[in-house]
Amino acid sequence: MRRLLGALLALIFALAVWPDGSGVPGWSGAWISPTAAHAQTVEAAPLTDEDYADWERTAQRAEEALENQEASDSAFEELRADIADWRNRFQAGRSQNADRIKTLQSQIDSLGPAPDPETNESESAELATRRAQLQVALRELTTPVRKAEEAYAQADGLVTRIDSMLRARQKDKLLQRGPSPLAPGNLTGTPEDLEMVVRTLVGEVWNSMSQKTDRVGFQNNLIEILVLAALAALLLLRGQAWFRNLVEWTLRRGSGSRRAMAGAMVVSLGQVILPALGLILLTAALLTTSMFGPSGQGLVAAIPSIGLAFFATRWLGGQTFPRRDDWPVTLRLDPRQRRRGRFYTSSLGLLFAAALLVETVIRFFSLKPGTEVVLAFPIIVLASICLAGIARLLVAHGMSTESGEAERSAEGTARDDERGFIDHSIQFIGRACLVLAVLAPILAAIGYTRAAIFLSLSPSLTLAILSTVTFLQRLSMALFALVLRGRGDVSDGLLPVLVNFALMVAAIPFIARVWGTRKADLDELWMSLMNGVTIGDVQVSPAVVLVFGIAFGAGLLVTRVVQTAMRASVLPRTRLDPGAQKAAVSGLGYIGVFLSIMIAVSAAGLDLSNLAIVAGALSVGLGFGLQTIVSNFVSGLILLVERPVTEGDWIEVGGVMGTVRKISVRATTVETFDRTDVIVPNSEFVSGQVTNWTRGNLSGRLIVPVGVAYGTDTRRVAAILQEIAEAHPLVIVNPPPMIVFAGFGASSLDFEMRVILRDVNFILNAKTEINHRIAERFAEEGIEIPFAQQDIWLRNPEALRRAPADPPSPVGPPPSASIPDTPGGAHLTEDDT
């Protein structure tokens, strides 16, 4: 039982730390190679003469290997890893004593320029001695740096040459033509090789059974073997069904809620985990028998990888083409199409497993080249058929999307554009896979087996990776929806979008490995990314960007805290008005942003003095191109300092009248009385005319025009209007209201009521109430408010009487009008008509 417990612990450890993955095609280990990991831990120790001697021997060996090009790919990979290790050490040596060198250079510069012998200049003996001492110390420190730089350049050149050579070899192998699988000679030789494999395996088992020690060990471990085999059979036969039923139970219990869906998606992973446990237990049981030789042990050790390829691909098919209609999906397909998708993906899983099995057999047994291509040909053909079937489903999804777009309204949203881009990308991938699925069997039939394997399995593995990423994205969205429930659509949030983008970026190295990118190339790209780029003498790397971002973020956080404290505690206790308080808080924010940038630049160690000339040249161009923006920015600062307008003021500028809602650095938001926001550039407030109705105080003048009929007592009208004005609660009595007899109008005697209101914001309400009161008082006093009258003179009314049959003129009187018989014309008033 102790051994059984040990096996279970080994199983748990195997799941936590998976091996190097040598059985997985296109994958050769962890993400960070031992060389890269070692490079991260290399200390900046001084390089000695012995180190440089060792490096010279390594460089000489590399030059000879590149000259002969007889070493294998694995030997070149090992040599490259060794050279890359040296290069990392030289990289550390290049920056050794950098601070001390910079200090010495500053000391030498502080002494001033050295005297010029041609001009017979001289300096004091003390300065000359000090300058010589500093130069000797600087030379001692820079000499190792120069040697490290020279060795680094040599190592980097060797790495580049080895990479170019390996890539050329990889391309030649891919395009190399071998025997055709349809040749009769290859078909007849395949059974012989398969018989040899079976005989070898059976012979190894028979030899082990004939050994007494192996038989005794088998008998002693029989109980453990049976227990492991029984557990493996249980997990392999029932594991998927258990978790499939658990998924259904979770959804039924949660009634399809977000929590239930997220839980079901997590639980569905058990359909891969339990069979993987069963495969590992089966492998442990077979290896515990001690009945297999070296070849048999190699095949048994590959069982977890072979089985995992099938179960993982089948599970991905169930996630991409689910049985349930309410399961979150990316592809919009009907149930029949989803059923076909599950069949194709399960078949691909079997073909992946078969490919791994054939690869393992080729690794441990010496097969003829013809046998290898014959074994690979049916896998290529069947994989191409499955790939073509999945590709047609992807194209069908794109076609259904195009038909749905035709039914949409002309006004699209940003989400519609995003969805359309994704759908068109899926359709393009489907058509590309369809072309490759047709091309792969043709190439395999004429002998390009490696290229055929590449064109059939690489797209299939790429689709599997994309399906995994899609599942993780849907799972993250479900978890965000669960955490942020009641806060709207989570797909509109920034954090879920960033997580989904990070998942897609993380899949790029896996896709690159599937399509033949060497792991060393990925390591080289990662190292280049970590080293950053050089702009002038400024080195910008991810570490520098990270330090800059953290320092700048911390500065912004401190600024916001200080702004909040000033707004809530300090400024309310001062005598500043609310507008001045907001201006002070905004100004404090701008100062905080500027200081945060300066502190972040200093913390990141960026020396921007070398970019001063470039920045000066750019500032000229930007000054012309962005002069309007700069003008608005400066105007915004002037508004914050002088405060001719503040938030809440009623203003009129550039034909726009409304209330100031927000003053920013570039523009000011004015809300009109129609409840619409107008963005006014700040330069309009500085260079244009601005009317501020509420600046300083809220009082303002209201003028109400009034007209009465001719014949009305004007002084009586003035007295009534004076009473109405003084009775209104918003009218100020000092200065008192003024009633002005404005003049004699065309139809009325015109008066004006001029009053000062306490709050001009209520000017419309006051005017409405005063007009109501005027109408009421005039009705009580019998004062008539006239309407416009108009006299019409007809020059020749007798002509109208002589032509009664003619149609009436558009400008003549209506038919009902009476035309008096008066000499010299007729006079009609508006009342007569």
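The values are calculated or read from the model by the stated rules, or taken from the named source; none is laboratory data. Since the model is a prediction, treat every value here as computed from it, not as a measurement. Cβ sites come from the backbone with ideal geometry, for glycine too, and all protein chains shown count toward neighbours. Accessible surface is based on the protein model in full, side chains and every heavy atom, while ligands, DNA and RNA are left aside. Shrake-Rupley method; radii C 1.70, N 1.55, O 1.52, S 1.80 Å.
The accessible area of Thr646, taken with all protein chains in place and a 1.4 Å probe, comes to roughly 10 Å². When all alpha carbon pairs of the range 353-399 are counted in 10 Å bins from zero, the resulting P(r) reads 24, 38, 21, 13, 4 %.
So what's the net charge close to Pro275: Lys and Arg +1, Asp and Glu -1, counting the other residues with Cβ under 15 Å from its Cβ? Value of the local net charge: +3.
Per residue, how big is the convex hull of the range 673-780 when only Cα atoms are used? Give it in Å³.
On the way: hull volume 16.9 nm³, N = 108.
In the range 673-780, the Cα convex hull volume per residue is 156 Å³.
Site pair Met598 and Val266 shows an inter-label distance of 4.9 nm when each label is modelled 7 Å from Cα along Cα→Cβ. Across the range 298-307, rounded Karplus estimates of 3J(HN,Hα) from the backbone phi angles (6.51 cos²θ - 1.76 cosθ + 1.60, θ = phi - 60°) give x, 5, 5, 5, 7, 4, x, 5, 5, x Hz, Gly and Pro being marked x. Counting only Cα atoms, the size of the range 222-362 along its three principal axes is 52, 33, 18 Å, in decreasing order.
Would you work out if the range 111-249 is rounded, prolate or oblate? Take a ≥ b ≥ c from the square roots of the eigenvalues of the alpha-carbon gyration tensor; rounded if a/c is under 1.5, else prolate when a/b is larger than b/c, oblate otherwise.
Details: a/c = 3.39, a/b = 2.46, b/c = 1.38.
It comes out prolate by the Cα gyration axes.
The trypsin sites (Lys or Arg not before Pro) found in the range 554-592 that occupy coil by DSSP, while having at most 11 further C-beta atoms within 10 Å, are Arg575. Applying a DSSP loop filter and a limit of 10 other Cβ atoms within 10 Å to the chymotrypsin sites (Phe, Trp or Tyr not before Pro) in the range 424-523 leaves nothing. Computed 3J(HN,Hα) for the range 751-768, one whole-Hz value per residue from the Karplus formula 6.51 cos²θ - 1.76 cosθ + 1.60 where θ = phi - 60°, is 10, 10, 9, 10, 10, 9, 8, 5, 9, 5, 5, 9, 5, 5, 4, 5, 5, 5, glycine and proline marked x. Sorted from longest to shortest, the spans of the Cα atoms of the range 243-300 along the three principal axes equal 54, 14, 10 Å.
Quick one: compute the contact order of the range 294-398, relative version, from alpha carbon pairs under 8 angstrom and 6+ residues apart, as a percent.
Values: 88 pairs, mean separation 36.9, N = 105.
Result for the range 294-398 is 35 percent.
Name the lysines eligible as straight-distance cross-link partners of Lys662: C-alpha to C-alpha under 24 Å, and not fewer than 8 places from it in the same chain. Within reach: Lys582.
In a shell of Cβ-Cβ distance under 11 Å around Ile390, excluding Ile390 itself, what net charge do Lys and Arg (+1) and Asp and Glu (-1) give? Don't skip to the answer; put the middle values down first.
Numbers: positive: Arg340, Arg342, Arg392; negative: none.
Combined, the nearby Lys, Arg, Asp and Glu give +3.
As an exercise, identify the chymotrypsin sites (Phe, Trp or Tyr not before Pro) in the range 657-745 lying in DSSP coil whose Cβ has no more than 13 other Cβ atoms within 10 Å. Mind showing how you got there, number by number?
Details: sites: Phe673, Phe685, Trp693, Tyr710, Phe741, Phe744; in loops: Phe673, Trp693, Tyr710.
Answer by residue number: Phe673, Tyr710.
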